[in-house]
1. Return the calculated 222 nm mean residue ellipticity for the chain, to the nearest 500 deg cm²/dmol, obtained by summing -39500 (n - 2.57) across DSSP H runs with n ≥ 4 and dividing by the residue count.
2. How do Arg264, Arg657 line up, fewest other C-beta atoms within 10 Å first?
3. Determine, for Thr585, Thr390, the number of other Cβ atoms within 10 Å of each Cβ, and report the residues in order from fewest to most.
4. For segment 65-168, treating each Cα as an identical point scatterer without solvent, what Debye log10 I(q)/I(0) comes out at q = 0.11, 0.12, 0.15, 0.24 1/Å?
5. Just to be sure I understand: of the beta bridges DSSP finds with both ends in the chain, what percent are antiparallel, rounded to 5?
6. Rank-order 13-23, 46-56 by packing density, defined as the average count of other C-beta atoms within 10 Å over each peptide's residues, highest first.
7. Would you list Cys435, Cys444, Cys459 from fewest to most Cβ contacts within 10 Å?
8. Residue-wise, which Karplus ³J(HN,Hα) couplings in Hz belong to segment 55-66, taking 6.51 cos²θ - 1.76 cosθ + 1.60, θ = phi - 60°, and x for glycine or proline?
Amino acid sequence: MKIVRVALDVPVPTLFDYRLDDASPADVGRRAVVPFGKKIALGVIAEIAHATRIPPQRLRHPLRVLREAPGLEAPDLQLTRFASDYYQHPLGAVVMGTLPAQLRRPDPPSRKQARGRFALTETGSALDMTALPARARARRRLLERMREGPLDYAAARALSSQAPRLLRKLMADGLVKLDPPASPAPVASAPAPPLTTEQERALAAVRAGLGQFEVHLLLGVTGSGKTEVYLHAIAAVLAAGRQALLLVPEIALTPQLEALVRSRFPEVPTVRLHSGLNEGERLTHWLAAQSGRARIVLGTRLAVFTPMPELGIILVDEEHDSSFKQSEGFRYSARDLAVVRGRQRGVPVVLGSATPALETYFNAVSGRYRLSTLSQRVGAELPLIDCVDTRGERLEDGLSRRLLDAIGEHQARGEQSLVFINRRGYAPVLACHGCGWISGCHRCSAQLVLHLKDRRLRCHHCGHQSPLPAACPQCGNPQLAPLGQGTQRVEAALAQYFPQSRVLRIDRDSVRPRHAWRDMRQSIQRREVGILVGTQILAKGHDFPHLNLVGVLNADSLLYSADFRAAERLFALLSQVAGRAGRGTAQGTVLIQTEFPGHPLYQALKHQDYRAFAENLLAERRQAGFPPYVYQALLRAEAPRLATALGFLGDAARLARRLAPPVTIYDPVPAAMPRRAGRERAQLLVQSESRPRLQQFLRAWYEKLAAARSSPARWAIDVDPLEF
Ligand code: ADP
Ligand code: ZN
Ligand code: ZN
């Protein structure tokens with residue numbers, strides 16, 4: 001008797017056994033349609049076995065094994081298995097989550113549905129929508145959606161059940177055409193510039209290690225030409241007949257990179273894989289990578305799992321970026337899995353950043369990774385960074401006099417300015433704006449978080465809590481307030497101060513429509529915009545040659561935050577933001593408004609000395625017993641009432657202690673943002689100096705927790721958590 005053990009997308013950490021007498025080892029990795037309860041489900045065959053604990057009368061057969069389509073290869077399955085074990089997430093959910101949606105459904109997509117996309121013709125694009133009759137609602141929805149880009153069959157059906165009929169009609173009217181997929185427009189090839197000595201050296205290190213596992217940290221200041229090193233490394237890998245995987249934080253915002261890759265390798269089939277694709281595109285691109293047809297894959301987080309039979313290198317750009325860590329559901333780090341995959345496949349991994357994650361930097365200086373440095377900008381100078389001391393200044397709408405004057409001067413010269421508003425660090429920390437006192441925890445080196453609801457300060461690290469002080473314990477000032485307030489009106493205020501200039505706000509919402517960001521970028525490049533106001537989204541690698549001044553507001557709230565990683569993130573964020581200034585011919589200026597101008601972080605930033613900053617931070621972390629010197633995991637729980645979530649975690653902590661583990665178990669605490677979507681969230685930290693010991697404990701703990709049939713709270717384990 002042969003049994004196939006199938007991974008199904010269900011939230012339990014088991015495989016499901018089915019009897020398949022003609023099963024062969026080649027079936028492992030193939031998809032199978034199976035009866036599941038009263039339903040039919042699709043899963044991936046993870047193992048073949050010769051025995052099962054299912055009684056014979058209840059053992060069922062797969063309805064179909066999809067042998068005509070290629071399955072996942074052993075190394076791909078191996079990666080998902082590692083991820084499932086390491087992140088304590090069911091294998092079925094992990095494996096199925098890596099497949100394009102259409103391969104997850106029991107009914108196979110028809111060829112046409114999978115490939116063709118509907119797009120507007122020129123007549124369709126020029127059509128005045130207001131001229132359509134009012135009752136043509138579905139037609140208008142389709143047309144409007146297609147204005148944002150081609151639409152696949154499934155997406156059209158989702159907009160209207162009438163879509164097939166309407167699309168036929170629109171095509172007959174000459175407004176819509178069927179767009180053939182993925183024969184990208186020919187691009188002019190662009191020659192590569194000669195490399196600088198530093199670039200040469202970094203490239204030589206990578207090339208020397210091709211064909212074997214090795215992790216390189218490419219530590220290069222903004223504008224130092226890291227991308228050029230990636231491109232040359234990719235060229236070397238392609239020449240060796242292998243495929244290259246390039247991971248980036250947010251591809252929807254970096255079409256520049258894709259254009260660059262295409263122009264450098266016009267003959268090389270390149271595909272993108274990111275969340276902005278529709279189902280059909282995603283499937284086509286994924287299959288191209290899996291078949292080996294696509295030689296370069298450019299993708300975000302999830303693309304780390306893309307099957308690539310001839311994988312030769314993995315590159316992770318902006319490796320410190322928090323978007324590589326999934327923060328919901330299957331909480332994996334694509335950066336860390338890239339390293340695991342590199343090791344499994346015996347290929348090099350290149351991690352690039354101006355401000356690497358401290359974990360990465362630590363690995364590099366301790367010799368586990370190879371370090372290459374690019375210390376100079378190519379053809380431009382690094383910007384001047386200075387602090388604007390806002391103590392004692394009454395800020396108008398959050399803007400200091402000095403920053404306003406500087407913006408005015410740049411406007412007069414026809415140069416652009418960027419006002420960057422930090423919105424991170426939401427967990428409010430109490431501060432005295434008179435003397436600079438900050439509510440710190442006396443039990444550990446974290447900051448206490450202000451919980452207004454019950455007027456208490458809590459440490460999210462160790463669980464210590466105290467009532468709100470009535471006045472500053474240091475100077476007696478009764479007006480204590482959370483750090484970082486009052487930046488809501490900045491955009492309107494700037495428009496008032498500079499009526500001649502166009503002020504453009506760029507945040508996650510304003511760039512959401514499909515072409516909005518491209519259009520904005522173009523009008524910035526054409527200098528139709530004088531002042532940019534933006535949040536985190538603007539920090540990422542954009543190149544605006546006329547942007548010479550960057551003002552930073554509300555950075556202090558990350559300087560003293562409940563999260564011990566806040567300073568690291570702030571340094572990365574400000575380096576990136578500063579990197580936007582002076583990419584053209586003029587030197588850029590960066591002005592940071594702060595109440596703590598003497599803080600070592602700002603001092604290091606002024607000198608753009610990541611290594612000095614990182615060494616300091618490492619010393620602090622070592623002393624405080626924080627990562628990278630310890631390994632952590634959080635048990636996160638949420639429930640309609642906070643008491644329920646905390647109660648569940650209390651039980652989980654007792655359970656953990658009964659396992660008598662060689663790990664430290666802290667007390668449950670409310671999450672930094674306790675309330676979300678009507679549910680209260682809390683967490684419990686466990687940590688150990690040994691990763692294997694922590695893993696061993698987590699496995700035992702997870703098994704016990706998962707064995708409880710019902711739980712009063714929804715819970716999940718977050719391994720190597722980034723957000724507290
Ligand atoms: P980073 O990714 O390190 O911030 P980029 O790769 O964006 O830096 O490079 C910054 C700029 O320098 C880009 O405009 C790039 O085209 C240019 N550049 C990079 N390397 C060279 C080189 N060797 N010669 C000339 N220009 C270069
Ligand atoms: Zn004070
Ligand atoms: Zn504490």
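1. On the way: 23 runs with 235 residues, N = 724.
One gets -9500 deg cm²/dmol as the mean residue ellipticity at 222 nm.
2. The fewest-first ordering by Cβ neighbours comes to Arg657, Arg264.
3. Working: Thr585 11, Thr390 23.
Taking fewest neighbouring Cβ atoms as first place, the list is Thr585, Thr390.
4. Log-scaled intensity ratios, in q order: -0.54, -0.61, -0.76, -1.27.
5. Details: 59 of 111 bridges.
Taking every DSSP beta bridge within the chain, about 55 percent pair in antiparallel fashion.
6. Order by mean packing, descending: 13-23, 46-56.
7. Values: Cys435 13, Cys444 17, Cys459 24.
So the residues, fewest neighbours to most, are Cys435, Cys444, Cys459.
8. With the stated coefficients, segment 55-66 comes to x, x, 5, 9, 6, 10, 10, x, 6, 6, 10, 7 Hz.
Values quoted throughout were computed directly from the atomic coordinates according to the rules given, and no laboratory measurement underlies them. This is a predicted model, so every value here is computed, not measured. Cβ sites come from the backbone with ideal geometry, for glycine too, and all protein chains shown count toward neighbours.
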